[in-house]
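The values are calculated or read from the model by the stated rules, or taken from the named source; none is laboratory data. None of these values were measured; they are calculated from a predicted model. A quick note on method: Cβ atoms are made from the backbone with ideal geometry, for glycine too, and the neighbour counts reach across all protein chains shown.
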Amino acid sequence: MSKLLRFQLLLLCLFVSILAFSQSKNERIERVWHGFGFRYEQAGQVLSMDSLQTLLKGNPSSVKFYNQSINATNLSAFMMIGEASCLFVPLARALAKEPIYWSMVVVGCGLIMVQIPIAHSASRNMKKAVDNYNVTRSLNNTNPNTVDLTLGLTPNGMGLTLKF
């Protein structure tokens with residue numbers, strides 16, 4: 001067997017071993033549009049808010065954005081109750097052919113105008129939390145099967161070192 005063929009076989013084996021040992025499961029959190037909002041998935045499984053919080057717990061900046069998102073979501077939900085009462089009471093009175101309280105309609109519309117940016121900031125902060133988690137996860141590369149291929153000097157001359 002010639003030296004060139006041996007070298008080519010060595011590189012082929014090295015390439016195959018790198019592919020075999022460097023596989024990692026997909027740990028990214030993906031944001032998927034679903035109906036009227038987003039849902040978060042990891043490796044094809046839908047994440048609940050509790051499991052999302054558990055995943056983000058290891059990253060302090062993601063936790064900060066997550067907490068801001070939860071606070072804005074709670075405020076937005078509280079305002080939605082006020083909007084519903086301010087808009088549906090006059091509607092019910094109109095259906096009952098009673099006088100409509102137009103001041104309640106104006107207050108309900110005003111609450112909607114205030115609630116829209118708050119709901120948008122909640123969505124934006126959750127997106128920032130997930131993006132921050134994904135970026136730091138890819139930078140840290142916590143995969144235990146990392147492969148390092150370096151060219152260096154050995155006692156016999158120059159050679160490739162594969163660490164995994």
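Here are some notes:
- If the condition is being among the β-branched types (Val, Ile, Thr) and assigned to a helix (DSSP H, G or I), then the range 38-59 contributes only Thr54.
- For the range 32-62, the set of residues classified as hydroxyl-bearing (Ser, Thr, Tyr) and exposed (fewer than 15 other Cβ atoms within 10 Å of the Cβ) consists of Ser48, Ser51, Thr54, Ser61, listed by residue number.
- Checklist (1) within 14 Å of Val130 (Cα to Cα); (2) at pLDDT 90 or above; (3) surrounded by 14 or more Cβ atoms within 10 Å (Cβ to Cβ); (4) not β-branched (Val, Ile, Thr) applied to Gly82, failing item: (1)
- Looking across the range 37-64, just one residue is over 12 Å from the mean Cα position of the chain (by Cα) and of a type in the set (Asp, Glu), and that is Asp50.
- Scoring Gln23 on the criteria (1) assigned to a helix (DSSP H, G or I); (2) surrounded by fewer than 14 Cβ atoms within 10 Å (Cβ to Cβ); (3) of a type in the set (S, T, N, Q); (4) modelled with pLDDT under 90 leaves a single failure, condition (1).
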